[in-house]
1. For a quick check of your reading of the model, give me the residue pairs whose first member lies in the range 22-37 and is free of Cβ contacts under 8 Å to residues at least 24 places away in the same chain and of a type outside the set (D, E), whose second is assigned to a strand (DSSP E or B) and open to solvent by 30 Å² or more (accessible area, probe 1.4 Å), with beta-carbon atoms closer than 6 Å and at least 6 apart or on different chains.
2. Restricting the search to the range 13-57, which residues are of a type in the set (S, T, Y) and open to solvent by less than 40 Å² (accessible area, probe 1.4 Å)?
3. Could you list, in sequence order, the residues of the range 1-11 that are open to solvent by less than 60 Å² (accessible area, probe 1.4 Å) and more than 13 Å from the chain's Cα centre (by Cα)?
4. Which is within 21 Å of C19 (Cβ to Cβ) and either assigned to a strand (DSSP E or B) or modelled with pLDDT of 90 or more (or both), of A62, A57?
5. Looking only at residues in the range 84-120 that are farther than 22 Å from A17 by Cβ and open to solvent by 60 Å² or more (accessible area, probe 1.4 Å), which one is modelled with the highest pLDDT?
Amino acid sequence: VVACCGLTTDLAEPDLAGCVGLAAGADYVLITGLAVDPGQRRRGIASQLLAEAALVAAARLAAPAVLALLVARTNTSAVRLYAQQGFQEQTSWIDTRWKEEAERGKVGKPRRLLLAKRVDGSGEA
């Protein structure tokens, strides 16, 4: 296996919906995992998978089609890749799971970012 990319269609919770401009309960596509074998990185494979994910989102969903993902804030190379592919950080979204753990004194887990982009029928932003 050189690479994989998991996708799921989900219903937007109110906090996510408000950030990305969807109605609460509207469908969106969530990237649930993207991985490329370390020896195969920097060859455009992740970019190709993200482009295909955008096509899938545009084909499955009524407009406005939204493709979203969660990424650790500390994963700067991934954040950079997603930004290059048109994903934007949804700064008003709060990672409630991270916040709850931090409030209980658990540390060590990096905060996640919600990144999203709208795609049209061609898969383009």
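The values are calculated or read from the model by the stated rules, or taken from the named source; none is laboratory data. Predicted model, so just to flag it, every value in this text is computed and none were measured. Virtual Cβ from ideal backbone geometry, glycine too; neighbours counted across all protein chains shown. Keep in mind that these areas ignore ligands, DNA and RNA; they rest on the heavy atoms of the full protein, side chains included. Shrake-Rupley method; radii C 1.70, N 1.55, O 1.52, S 1.80 Å.
1. Cβ pairs passing all conditions: G25/L11.
2. Y28, S47, listed by residue number.
3. Of everything in the range 1-11, just one residue is open to solvent by less than 60 Å² (accessible area, probe 1.4 Å) and more than 13 Å from the chain's Cα centre (by Cα), namely A3.
4. Within the list A62, A57, the selection yields A57.
5. Only one residue tops the list, namely Q84.
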